[in-house]
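Each remark here refers to the structure printed beneath this line.
Bear in mind these aren't lab numbers, they're just calculated from the coordinates by the rules spelled out. Predicted model, so just to flag it, every value in this text is computed and none were measured. Glycine also receives a Cβ, built like all others from the backbone with ideal geometry; neighbour counts cover every protein chain displayed.
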């Protein structure tokens, strides 16, 4: 880790005011030093050709080579480098993608200054660092991995304020698969008239007008 106990940090962010604010904050510490500043992924990779930091604070949203692509490159060529991603808001898909490509942490930019410097220390020491919102997203994702698709559909509908009965969820799941009313009736041991009633109830609850619209909406939820 750096020279002695000094933690070397590279800051990669396209917002100048944010970069300068973090630099000023780190200058107040005795054990952390900024050894490189870049406004985009391409510039960050050029800096690595001359000096290797212990921790990279990486904005996920940047023009050109964004934080995800830059992290992929860094982890391939500098696998021991710790990359902590920064974002103004926690987006489910980006948090999961970031972790999948090897990010060592995810922090929201409105983090308390003391928490930011401690997160740098923790990352340099080999810990994964996560802001509360990023941690919530990952916990939810892990939980969903243990659920089947029908249960996931129910959870995501609930998160949007829709409450379907168990039978309506059974039918909704088969609608997503493209099953006809006859096929749904056969699989669920129901009459076709009963299936039609369930489908009408689903339309009403989701405020959709027809089967195509309903199938599209339900598929979108599961993406």
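For helix 192-206, what angle does its Cα long axis make with the longest principal axis of the chain, in degrees from 0 to 90 and rounded to 10?
Long axis of 192-206 versus the principal axis of the chain: about 40 degrees.
Could you order peptides 134-140, 37-43 by the average number of other Cβ atoms within 10 Å of their residues, highest first?
Ranked from most to least packed, the peptides come out as 37-43, 134-140.
For the stretch 121-223, treating each Cα as an identical point scatterer without solvent, what Debye log10 I(q)/I(0) comes out at q = 0.18 1/Å?
Each listed q maps to, in turn, -0.85.
Peptides 54-62, 156-164: what's the order by average Cβ count within 10 Å, highest mean first?
Highest mean packing first, the order is 54-62, 156-164.
Give me 203, 198 ranked fewest to most by other Cβ atoms within 10 Å of their Cβ, as a rough exposure proxy.
Fewest to most other Cβ atoms nearby, the residues stand as 203, 198.
Rounded to the nearest 500, what is the 222 nm mean residue ellipticity of the chain from helices alone, with -39500 (n - 2.57) per DSSP H run of 4+ residues and division by all residues?
Calculated mean residue ellipticity at 222 nm is -17000 deg cm²/dmol.
Kindly state, to the nearest 0.05, the FRET efficiency for residue 29 paired with residue 183, given R0 = 41 Å and r defined as their beta-carbon distance.
Step by step, r from the Cβ atoms, then E = 0.05.
Relative to the compact globular guide of 2.2 N^0.38 Å, what is the alpha carbon radius of gyration of the stretch 157-214, as a ratio?
Ratio of Cα Rg to 2.2 N^0.38 Å: 1.04.
How tilted is helix 16-27 with respect to the longest principal axis of the chain? Cα atoms for both, answer in degrees (0 to 90, nearest 10).
60
Would you please classify the overall shape of the stretch 7-142 from the alpha carbon gyration tensor, given that a ≥ b ≥ c denote the square roots of the eigenvalues, rounded means a/c under 1.5, and beyond that prolate means a/b larger than b/c while oblate covers the rest?
Rounded is the answer for the stretch 7-142, as its axis ratio a/c remains below 1.5.
Using the per-residue mean of other Cβ atoms lying within 10 Å as a proxy for protection, in what order, highest first, do the peptides 77-85, 5-13 fall?
So the order, starting with the most tightly packed, is 5-13, 77-85.
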